[in-house]
1. Can you find, within region 155-170, the residue that is farthest from residue 140 (Cα to Cα) among those that are open to solvent by 70 Å² or more (accessible area, probe 1.4 Å) and part of a strand (DSSP E or B)?
2. Checking the conditions here, which among 85, 79, 75, 89 is touching a helix residue (DSSP H, G or I) at 6+ places or on another chain (Cβ under 9 Å), among the small types (Gly, Ala, Ser) and at pLDDT below 90?
3. Quickly run through region 171-194 and pick out the residues that are assigned to a strand (DSSP E or B) and within 17 Å of residue 91 (Cβ to Cβ).
4. Identify the single condition in (1) in a loop (DSSP other than H, G, I, E, B); (2) open to solvent by less than 70 Å² (accessible area, probe 1.4 Å); (3) farther than 21 Å from residue 100 by Cβ; (4) of a type outside the set (Asp, Glu) that residue 142 does not satisfy, given that it satisfies every other one.
5. Among all residue pairs at least 6 apart or on different chains, which show Cβ distances below 6 Å where the first residue, located in region 66-86, is at negative phi and the second is assigned to a loop (DSSP other than H, G, I, E, B) and of a type in the set (A, V, I, L, M)?
6. Could you list, ordered by first residue, the pairs with Cβ atoms under 6 Å in which the first is in region 141-162 and aliphatic (A, V, I, L, M) and the second is surrounded by 13 or more Cβ atoms within 10 Å (Cβ to Cβ) and assigned to a loop (DSSP other than H, G, I, E, B), at least 6 apart or interchain?
Amino acid sequence: MKSNIQLKTLVYSLLCLFLVVGCNTNAKTEKATSNEVTNATEANKESGQAFIEGDVGSTVLAVAINSPDHTTLVAAVQAAHLENALVNAGPLMVFAPTNEAFNALPEGTVENLLKPENKDALANILKYHVTPGNYSKDFLKKFKKVGQANGQDAMVEVKGDDVYVGGAKIIGSVTAGNGIVHVVDKVILPPSEE
């Protein structure tokens with residue numbers, strides 16, 4: 001009986017110790033996380049995985065960077081500071097408008113969006129081109145809509161063998177290490193931006 005009480009006391013003491021240590025660790029972690037976010041915000045814009053030389057590998061970002069038809073998209077991603085988001089583990093589906101698609105926008109639209117004061121609006125539009133997942137064009141035919149990274153849905157429409165996402169036709173696809181890039185013929189504007 002006495003050893004049973006001692007055992008319970010020992011177990012209770014250990015639980016209390018773990019609770020106290022755990023609370024201190026969480027407080028330190030929360031403080032460290034808060035400091036990390038502050039430091040990351042104040043850090044150089046060109047930091048993170050996307051800026052380690054030679055480390056973008058075969059990511060969706062690398063696919064865009066290496067495509068002569070996507071220089072406007074790459075400039076927009078850089079202006080919105082979204083490079084690191086496109087090199088994460090994913091999987092990511094990026095609906096990548098060509099330079100020609102950007103040129104089809106009303107005159108001055110791209111130049112206006114690339115201004116620093118329009119960074120948030122630009123980021124919203126670009127995030128509307130990204131979906132979690134790694135689905136082929138044929139697999140997308142099974143969808144009615146896809147949830148985009150900006151929190152809105154883009155409608156999927158099938159016309160014959162063609163697949164349209166948010167009104168943009170998929171004209172090609174390139175697989176990447178962290179997802180897939182679907183080349184599209186139109187800039188997809190979120191419903192609030194149309």
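1. Going through the qualifying residues, I end up with 159.
2. 85
3. Selection gives 173, 174, 175, 176, 179, 180, 181, 182.
4. Among (1) in a loop (DSSP other than H, G, I, E, B); (2) open to solvent by less than 70 Å² (accessible area, probe 1.4 Å); (3) farther than 21 Å from residue 100 by Cβ; (4) of a type outside the set (Asp, Glu), residue 142 violates only (2).
5. From region 66-86, the pairs are 79/114.
6. Cβ pairs passing all conditions: 154/148; 154/166; 156/143; 158/141.
The values are calculated or read from the model by the stated rules, or taken from the named source; none is laboratory data. Just so it is clear, the model here is predicted, and its values are computed rather than measured. Using ideal geometry, Cβ is built from the backbone for each residue, glycine included, and neighbour counts are taken over all protein chains shown. Just the protein is used for accessible areas: all its heavy atoms, side chains included, with ligands, DNA and RNA removed. Shrake-Rupley method; radii C 1.70, N 1.55, O 1.52, S 1.80 Å.
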